[in-house]
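Take a look at the structure below.
The values are calculated or read from the model by the stated rules, or taken from the named source; none is laboratory data. Keep in mind it's a predicted model, so treat the numbers as computed, not measured. FYI the Cβ positions are ideal-geometry reconstructions off the backbone, even for glycines, and counts take in every protein chain you see. The accessibility values were calculated without ligands, DNA or RNA, using every heavy atom of the protein model including side chains. Shrake-Rupley method; radii C 1.70, N 1.55, O 1.52, S 1.80 Å.
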Amino acid sequence: MMIRTVLLAGFVLFASALQARAEYPTNRVYAFMSASPTLNATIKPVPSESGIAVSLPLRPNVEQMAYVYAYNPKDDDAMVTVVLSAGTEAGGEIARTAQPVLVPSKQLVKVALTGRAAPAAPPAAAGKEALPAGVKIQDRSKLYLRVEEQTDKPGKIEPKDYELFEVLVPRPVSGSNFSFDLTVPREGTLMVKVKFMKQKDTPLFTNKPAKIRLDLRTDLNETLDPKSINIGTFEAEVPLDGEATLFAEGITFLDQKRQDATVSLSLDGFDRALLIKTNFKDSPPAILSTPFVNVRLSSTAQVPGKPVTVTVESDDETNDTILSVDRIGNRTFEVIRNYGKQSRQKTIYVSVGGEGDPIKLVPVVKDWSLEFSTQNVAGTRTFEVRNGQNRLRRSVLIDRTPPANVKLEAIKKDTALVGSEHTVKATGDDDESSIANVYFYLGDAPAADGKPAPGSKVVPGVKQSDGSWATRDPIRLPENRGEVKIGALFVNGVGLASPAEANIYVRESEKAKEEKSKKTTGSIEGFVFQSVRPQPGLPVTLRDATGKEIKKTTTDDTGKFEFKDLMPGEYSVYSVKRADLNSNGKQQVTVEAGDKPAKVEISIKR
């Protein structure tokens, strides 16, 4: 006979009525597991029929702890060794007592186990969660507790004398601990109230709050407007013997003819624990009971060499779930993986030790997934998941070529003026993954995500009705004269980019030049004479008030000279006639801003 102990998700059954009619063995010590770290020594475990495993249902993705006790029904004290094993196929012995334990007659003793083969958790891969430490076993694996007594005549312990437990991770809603209230209080709104209840005769293995999440996935609901999925409470924790409410409101559809959505409720990281069908109008929504199957791809278009994560979502465990791929586009599907009747990957990590000497069990539950290599691949690959009569297909495009035929409509030369604003247009196409974004820029080209290069400006593009692209907002040319590069970067659906560029010269308008000259500068006009005769071909030097040379010029045939674009202020003009013994002359002159030049005459003398 076996001791009946229901553990984890947690049940420990101790009932006086059952004890009263139980027939306890009196010839050996038994070990059993309990969710309680402390048990009353007078409590006796309830036996079960020999050879029948006791189910140990676990909460998914939640660390849970069990404690090992040994009970001695005999009249004499006993020295025992307790061994925890997962069977040879699952890794054999997991832990045992470090040394024999004394179990007094008619007493209950808590037992501490020491792990023998509990590997450390491997380091987490980039972008992925770290796995727990411990020995890995699978869903519905058998755990054994064996008691080895020190006797004068030790005999072989048969498997039927083991305390046998079957560890499993059921769907969270399949038990009686959760209840749901689904309503549509007003159009465009879904409300889900979740209660987490503690059963009176089945104490929970762990009192940790349950994590819940409401998912409105656009990959499952193509007619849902993704912009409307932004108001509500989509995640919460439900305390034991408490409740929490999730809701989404303001939900609208893109297609008015198709107004049904599949909404998923996750419990403790168990995705799609509950599937809800709703049009966000009629109340109450329906709970879907038909088998669900789906294949989700990490992307629908990408470049070669980057793997595609293919996730299989199946909630049917009555048929095999099979993943296939069409590699050459002729609807001939090649089987990649047959997952059998296991709708999800369920791995349970078992380790021992820590405060209170617990056995730690961490069930990691997740959808099946694999990395599909796209090395040296181009074109479309279609994936199919099949479960019985249900099947679904999704495709990914492997695009290795950037956008083609990109062309920029350049700004006209006579309009490329300082500080002017322009709506710039460009054209381009991509027959494979289409044009996803266009970025117009001044300066160097931006990154494929639109991030500007240092010192450059970027304006997003908007697709026009004729298929061309134009700047969303006008591009403003620099305030300074000079050459500048202008361009449009076409980015396709996989992030490959092609630029179309042109160099333009930004100039001032004639009117602007005139206005600027009138407002900020002046000029000098003068003549050089010797006696009364004009002096052609003589050098004239302009100096500022500090004597610093500013400009030089030469008189024309009439002896005239000019200095233009001068800042207002005090100046001096000087001329010398080398051929006449360096005869020279100098005059002071005041320059004012405006069109009227300052007049001056230089008379040279020996």
Scanning the stretch 22-68 for residues that are over 27 Å from residue 209 (Cα atoms) and either of a type in the set (Val, Ile, Thr) or modelled with pLDDT of 90 or more (or both) gives 26, 29, 42, 43, 46, 52
Residue 201 fails exactly one of the following numbered conditions: (1) over 16 Å from residue 62 (Cβ atoms); (2) modelled with pLDDT under 90; (3) part of a strand (DSSP E or B); (4) not polar (S, T, N, Q). What is the number of that condition?
-> (3)
Within the stretch 419-428, is there a residue that is open to solvent by 10 Å² or more (accessible area, probe 1.4 Å), in contact with a helix residue (DSSP H, G or I) (Cβ under 8 Å, 6 or more places away or on another chain) and farther than 25 Å from residue 166 by Cβ?
-> yes
Given the residues 334, 355, which is the only one that is open to solvent by 30 Å² or more (accessible area, probe 1.4 Å) and outside any strand (DSSP E or B)?
-> 355
Considering every residue within the stretch 283-299, establish whether at least one is touching a Phe, Trp or Tyr at 6+ places or on another chain (Cβ under 9 Å), surrounded by 13 or more Cβ atoms within 10 Å (Cβ to Cβ), among the aromatic types (Phe, Trp, Tyr) and over 23 Å from residue 432 (Cα atoms).
-> no
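Could you please find all residues in the stretch 397-418 being in contact with a Leu (Cβ under 9 Å, 6 or more places away or on another chain), open to solvent by less than 50 Å² (accessible area, probe 1.4 Å) and either more than 30 Å from residue 508 (Cα to Cα) or outside any loop (DSSP other than H, G, I, E, B) (or both)?
Let us first name the residues in the stretch 397-418 that are in contact with a Leu (Cβ under 9 Å, 6 or more places away or on another chain), namely 399-403, 406, 411, 416-418.
Right, trim to open to solvent by less than 50 Å² (accessible area, probe 1.4 Å) and you get 399, 403, 406, 411, 416-418.
Within the stretch 397-418, 399, 403, 406, 417 qualify.
Condition check ((1) farther than 14 Å from residue 598 by Cβ; (2) without any contact (Cβ under 8 Å) to a residue 60 or more places away in the chain) across all residues:
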position	(1), (2)
523	no, no
527	no, no
530	yes, no
536	yes, yes
542	no, yes
546	yes, yes
554	yes, yes
559	yes, yes
564	no, yes
If you check residue 81 against the conditions, is it β-branched (Val, Ile, Thr), modelled with pLDDT of 90 or more and surrounded by fewer than 19 Cβ atoms within 10 Å (Cβ to Cβ)?
-> yes
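Between 245, 218, 223, which is modelled with pLDDT of 95 or more, hydroxyl-bearing (Ser, Thr, Tyr) and over 30 Å from residue 143 (Cβ atoms)? Let's see the steps before the verdict.
Values: 218 fails: modelled with pLDDT of 95 or more; 223 fails: modelled with pLDDT of 95 or more.
Only one candidate passes the filter, namely 245.
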Would the stretch 261-272 turn up any residue that is touching a Ser or Thr at 6+ places or on another chain (Cβ under 8 Å), farther than 30 Å from residue 495 by Cβ and outside any strand (DSSP E or B)?
-> no
Can you pull out the residues in the stretch 246-259 that are surrounded by 14 or more Cβ atoms within 10 Å (Cβ to Cβ) and either among the charged types (D, E, K, R) or touching a residue at least 40 places away in the same chain (Cβ under 8 Å) (or both)?
-> 246, 247, 248, 249, 250, 251, 252
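Step by step: first the residues of the stretch 308-325, then only those that are open to solvent by less than 20 Å² (accessible area, probe 1.4 Å) and farther than 16 Å from residue 371 by Cα, then the one that is nearest to the chain's Cα centre (by Cα). Which residue is that?
Kept after step one, since they are open to solvent by less than 20 Å² (accessible area, probe 1.4 Å), are these residues of the stretch 308-325: 308, 310-314, 316, 321, 323-325.
Those still in the list that are farther than 16 Å from residue 371 by Cα too: 314, 316, 321.
Details: 314: 23, 316: 29, 321: 28 Å.
Within the stretch 308-325, the match that is nearest to the chain's Cα centre (by Cα) is 314.
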Give just the number: which of (1) open to solvent by less than 20 Å² (accessible area, probe 1.4 Å); (2) within 26 Å of the chain's Cα centre (by Cα) does residue 271 not satisfy?
-> (1)
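Restricted to the stretch 87-112, and to residues that are among the aliphatic types (A, V, I, L, M) and open to solvent by less than 10 Å² (accessible area, probe 1.4 Å), which residue is farthest from residue 348 (Cα to Cα)? Spell out the reasoning first.
Taking the stretch 87-112 as the starting set, the residues that turn out to be among the aliphatic types (A, V, I, L, M) are 90, 94-95, 98, 101-103, 108-109, 111-112.
Checking the rest, the ones that are also open to solvent by less than 10 Å² (accessible area, probe 1.4 Å) come to 94-95, 103, 111.
Numbers: 94: 13, 95: 16, 103: 31, 111: 22 Å.
In this case the residue turns out to be 103.
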Return the total of residues in the stretch 465-480 being open to solvent by less than 70 Å² (accessible area, probe 1.4 Å) and either of a type in the set (S, T, N, Q) or touching a Cys at 6+ places or on another chain (Cβ under 9 Å) (or both).
-> 2
Quick count over the stretch 113-128, residues being open to solvent by 50 Å² or more (accessible area, probe 1.4 Å) and modelled with pLDDT of 70 or more, is 1
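When residues of the stretch 338-352 are filtered for being in a strand (DSSP E or B) and either touching a Cys at 6+ places or on another chain (Cβ under 8 Å) or surrounded by fewer than 15 Cβ atoms within 10 Å (Cβ to Cβ) (or both), how many remain? Steps first, please.
Taking the stretch 338-352 and keeping what is in a strand (DSSP E or B), we get 338, 345-352.
From what's left, either touching a Cys at 6+ places or on another chain (Cβ under 8 Å) or surrounded by fewer than 15 Cβ atoms within 10 Å (Cβ to Cβ) (or both): 338.
The total comes to 1.
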Going through (1) hydrophobic (A, V, I, L, M, F, W, C); (2) surrounded by fewer than 17 Cβ atoms within 10 Å (Cβ to Cβ); (3) more than 27 Å from residue 66 (Cβ to Cβ) one by one, residue 191 fails only at (2)
Quick one: is residue 423 β-branched (Val, Ile, Thr) and closer than 28 Å to residue 317 by Cα?
-> no
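Would a scan of the stretch 498-516 turn up a residue that is open to solvent by 50 Å² or more (accessible area, probe 1.4 Å), of a type in the set (A, V, I, L, M) and farther than 30 Å from residue 298 by Cα? Steps first, please.
Quick first cut of the stretch 498-516, residues open to solvent by 50 Å² or more (accessible area, probe 1.4 Å) only: 499, 501, 503, 505, 507, 510-511, 513-516.
Still in the running and of a type in the set (A, V, I, L, M): none.
No, every residue in the stretch 498-516 fails to be open to solvent by 50 Å² or more (accessible area, probe 1.4 Å), of a type in the set (A, V, I, L, M) and farther than 30 Å from residue 298 by Cα.
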Verdict on residue 447 being buried (at least 16 other Cβ atoms within 10 Å of the Cβ) and either out of contact with any Asp or Glu (no Cβ under 9 Å at 6 or more places or on another chain) or closer than 30 Å to residue 378 by Cα (or both) = no
